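Enquirer: If you scroll down you'll find the structure; I have some questions about it.
Here, each number is a calculation from the coordinates, and none is a lab measurement. Here the structure is a predicted model, which means the values were calculated and not measured. Note that each Cβ is placed from the backbone with ideal geometry, even for glycine, and that neighbours are counted across all protein chains shown.
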Amino acid sequence: MANTVACFKWVVDDESIIVRDDLTVDFSRARGKISEYDRHVLQAAAESARVLKGISYGLTFGGADVQPALRDSLSRGIDEVYYIADDLQKTADGAVTAKVLAATIKTIPDVALVFCAEGASDTFARQTGPRLAACLGWPVVSSVCRFEVQEDRVIATRLLDDVRQTVKVTFPAVLSITAEAAGAPLPSLRAIMTSAKKPQHRLELAALGLEAEALTRKTEVIASQGYKMVRKNIIFDEGSNSEKLEALLKALIKEGVLC
Amino acid sequence: MKKIFVFSEKKDLAAGLLTAAAGLGVEAAAFAFDEKMAQALLEYGPAKVYVIDGTDRPESYARAMADYLLEHGADLFLVGSTPVGRELAASVAAYADAAMISDAHNITLVEGSFIVELTIYSGLVCRQEKLRGFGVVTAGRGLAAAEAVGAKGSVERISLEPDKRVTVIKEEPVEKTGVDLSAACRVVGIGMGAQEADVETAREIAGLMGAELACSRGVAEQRHWLPLERYVGISGAVISPDLYFTLAISGQIQHIYGCRDSKIIVAINKDETAPIFRAADYGIVGDIHEYMPLLIEALKAMQADN
């Protein structure tokens, strides 16, 4: 039996972040969500586990507020979820995250394949898959847009800048996938209902055996500021459709961007 | 003196990164996989270009490169932000147990420390981070325009051990339409509020405007109406045209990140609450199916007048 793991992240929904006029950032109304790209990862792990006749596990390293992510992930097809809920995650960088995920994966039995998204929708740093593979001592294949799981290996197609590169790698391995590689269907009502009964395994950060240095980020954040576009925000709302369009085109000609 | 190593499998990108390194007043070196590229990179000022003997994928040398960088006193490994470069960079960072910052907009050297500017939350937040010790940074072509300064360094061949656990079975060229949205002066974008038949109408409008046709991520990735190379957004094309004319694009933050450097943004969308209107200079609240025929008519009339 070979099992799969889907690494996913509970992120701040960027639509709920408010950048004030003084460019400070207001997170007070921030909502959480499973990173959009990770929804594809959960599906990929669930489908692959069925091929391998194994168990699909979700894995997340989140803050103390990670609880809503667990039911959400379990409703997306995976069988069980492992999680670490510790506010250290709020300041963790890619190095810390990969070490925590790797240490957790080592506690999960018979893992053949670990799936990550190419990037998370908050930082979009695109590091976790390769870093995780290095921490585990496993090979990694990134930018995977298509894959086929076989008995002891995976055939994966990578979308690079100017070539589609097809590679093979034997288990265990880490795949960083793009959204093309697997669907991300909305969970059915039945899936949402049954997710409540699926196992959740909480691990404590302190129990993972990582030293303080491993849990210390390697960069120092020295400044952070919101970004706000300054735009004209002129709406043409007077007259017929033709008149509105004419006004728009005149404005574009005056701006020198249409001739 | 600080020492930066540079790598990209794309010559123009590697050249730009070397120019950025030169601007920091550091000693620069580069990795390359063939002599011709190494000779070309010398023009951009590195003291050394190390040609790695081997034909394996660049990513497969990550562990060996990490060891080499640490042994040779590198302070920063600056890597081109391509799929190959990003995997290599993150792997090197992990093997070296080092920091990594992705998609840097700017790098400065302040009191002996590298300060890197980046954006997070789909561009809503700009951040400056200081590297502690050796670090890895990825960056695209926007970091610095390549500037040849004349060769003064030398090429040295080195041998590094590749990791052969990932085997290439085949490589096929990606069929591209040749579109380079990042260089377009005008872009027409179509979004998820459109129907499939609207793509051809939008294409006609783009043709009349002398614009490239683009789309939001969902149109390319979920609906497959246009190729992936035509979607604008944080994970797609980042554009800076004079005019970005959007049709039925809602304007989610990740899309806006990809077009925020446009000189003028226009929105036509029937949803008056769509965030695209906050990002637009000019807008009309209305159904694109009513406005697209009128737009075609008006653009044709403008062409006839010219």
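Enquirer: How big is the antiparallel share of DSSP beta bridges in chain A, given as a percent to the nearest 5?
Expert: On the way: 17 of 42 bridges.
About 40 percent, rounded to the nearest 5.
Enquirer: Under the rule of at least 5 residues apart or a separate chain, name every residue whose amide H is placed under 5 Å from the amide H of A:D122.
Expert: So A:D122 has HN proximity to no qualifying residue.
Enquirer: Now a separate question. Is the C-alpha gyration tensor of the stretch B:258-306 telling us rounded, prolate or oblate? Criteria: a/c under 1.5 is rounded; beyond that, a/b larger than b/c is prolate, otherwise oblate. The partial results should precede the final answer.
Expert: Working: a/c = 3.45, a/b = 1.47, b/c = 2.34.
Oblate is the answer for the stretch B:258-306, as a/c is 1.5 or above yet b/c matches or exceeds a/b.
Enquirer: For chain A, set up a GNM with springs between Cα atoms under 10 Å and report which of A:E151, A:E204, A:E220 has the largest fluctuation.
Expert: For chain A, modelled as a Gaussian network with Cα springs under 10 Å, the answer is A:E220.
Enquirer: Could I ask something else about it? Count the net charge of all other residues whose Cβ sits under 10 Å from the Cβ of B:I115, scoring Lys and Arg as +1 and Asp and Glu as -1.
Expert: Numbers: positive: B:K130; negative: A:E220, B:E111, B:E117, B:E129.
Taking every Cβ under 10 Å from that of B:I115, the sum is -3.
Enquirer: Here's something else I'd like to know. What residues qualify as long-range amide H neighbours of A:S176, i.e. H under 5 Å apart, gap of 5 or more or another chain, H built at 1.01 Å from N?
Expert: Placed amide hydrogens put A:C116, A:V141, A:S142, A:S143, A:V144 under 5 Å from A:S176.
Enquirer: Pop the C-beta distance of B:E196 and B:E272 into the FRET formula with R0 = 30 Å and round what comes out to the nearest 0.05. Intermediate values should be presented prior to the final figure.
Expert: Values: r = 25 Å, r/R0 = 0.82.
The value I calculate is 0.75.
Enquirer: Which residue fluctuates most in the GNM of chain A (Cα springs below 10 Å): A:V141, A:V230, A:V100?
Expert: Checking each option, the largest mean-square fluctuation is seen for A:V230.
Enquirer: I've got another one for you. Between A:V5 and residues 5 or more places away or on another chain, which pairs have amide H atoms under 5 Å apart, with H built 1.01 Å from N, and which residues are they?
Expert: The answer is A:Y57, A:L113, A:V114, A:F115.
Enquirer: If you don't mind, there's one more thing I want to ask. Compute the helix-to-body angle for B:11-23: its Cα long axis versus the longest principal axis of chain B, expressed 0 to 90° and rounded to tens.
Expert: Once rounded, one gets 70 degrees.
Enquirer: In degrees between 0 and 90, to the nearest 10, how far off the longest principal axis of chain B does helix B:62-71 point, with axes built from Cα atoms?
Expert: Helix B:62-71 sits at roughly 50 degrees to that axis.
Enquirer: Which whole-Hz couplings ³J(HN,Hα) result when phi for each residue of the stretch B:107-115 is put into the Karplus expression 6.51 cos²θ - 1.76 cosθ + 1.60, θ = phi - 60°, listed in order with x for Gly and Pro?
Expert: Residue by residue, the stretch B:107-115 yields 9, 10, 10, 10, 6, x, 10, 7, 10 Hz.
Enquirer: Longer than 26 Å from Cα to Cα, which of A:K106/B:K10; B:K36/B:K152; A:K33/B:K10 are they? Say none if no pair is.
Expert: Check vs 26 Å cut-off fails for A:K106/B:K10; A:K33/B:K10.
Enquirer: Let a ≥ b ≥ c be the square roots of the eigenvalues of the Cα gyration tensor of the stretch A:1-101; is it rounded (a/c under 1.5), or, if not, prolate (a/b larger than b/c) or oblate? Working shown, then result.
Expert: Working: a/c = 2.75, a/b = 2.03, b/c = 1.35.
Since a/c reaches 1.5 and a/b is larger than b/c, the shape of the stretch A:1-101 is classed as prolate.
Enquirer: Quick one: what are the phi-derived ³J(HN,Hα) couplings along the stretch A:110-119, Karplus 6.51/-1.76/1.60 with θ = phi - 60°, whole Hz, x for glycine and proline?
Expert: Per residue, the Karplus-derived 3J(HN,Hα) values read 6, 7, 9, 9, 10, 9, 10, 7, 4, x Hz.
Enquirer: Averaged across the residues of A:242-249, what count of C-beta atoms belonging to other chains lies within 10 Å of each residue's C-beta?
Expert: Values: counts 4, 0, 7, 9, 2, 2, 9, 8.
Taking the mean over all residues of the peptide, I get 5.
Enquirer: On to the next question. Which aspartates and glutamates does B:K48 reach when only Cα atoms under 18 Å apart count, and residues fewer than 8 places away in its own chain are ignored?
Expert: B:E9, B:D12, B:E27, B:D34, B:E35, B:D67, B:E71, B:D75, B:E147, B:E156
Enquirer: Looking only at the stretch A:30-65, which residues have a backbone nitrogen under 12 Å from a spot 7 Å from the Cα of A:H201 in the C-beta direction?
Expert: A:55-60
Enquirer: Is chain B best put as rounded, prolate or oblate by its Cα gyration tensor, with a ≥ b ≥ c the root eigenvalues, rounded for a/c under 1.5, and otherwise prolate when a/b is larger than b/c, oblate when not?
Expert: Numbers: a/c = 2.33, a/b = 2.11, b/c = 1.10.
Cα axes put chain B in the prolate bin.
Enquirer: Test of understanding: in a Gaussian network model of chain B with alpha carbons linked when under 10 Å, which of B:I169, B:I276, B:I120 would top the mean-square fluctuation ranking?
Expert: Of B:I169, B:I276, B:I120, the Gaussian network model singles out B:I169 as fluctuating most.
Enquirer: Turning to a different aspect of this structure: Loop-only check: which GluC sites (Glu not before Pro) in the stretch B:126-234 are DSSP coil with at most 12 other Cβ within 10 angstrom? Before the final figure, lay out each step's value.
Expert: On the way: sites: B:E129, B:E147, B:E156, B:E171, B:E175, B:E196, B:E200, B:E204, B:E212, B:E221, B:E229; in loops: B:E147, B:E175.
Listed in order of number, the matching sites are B:E175.
Enquirer: Sticking with this structure for a sec: Mind checking Rg over Rh on the stretch B:148-306, alpha carbons, Kirkwood formula for Rh? Walk me through the numbers before you get to the answer.
Expert: Details: Rg = 20.1 Å, Rh = 17.5 Å.
Here Rg/Rh amounts to 1.15.
Enquirer: To the nearest 10 degrees, how steeply does helix B:288-305 sit against the main Cα axis of chain B, on a 0 to 90 scale?
Expert: That helix lies at roughly 90 degrees to the long axis.
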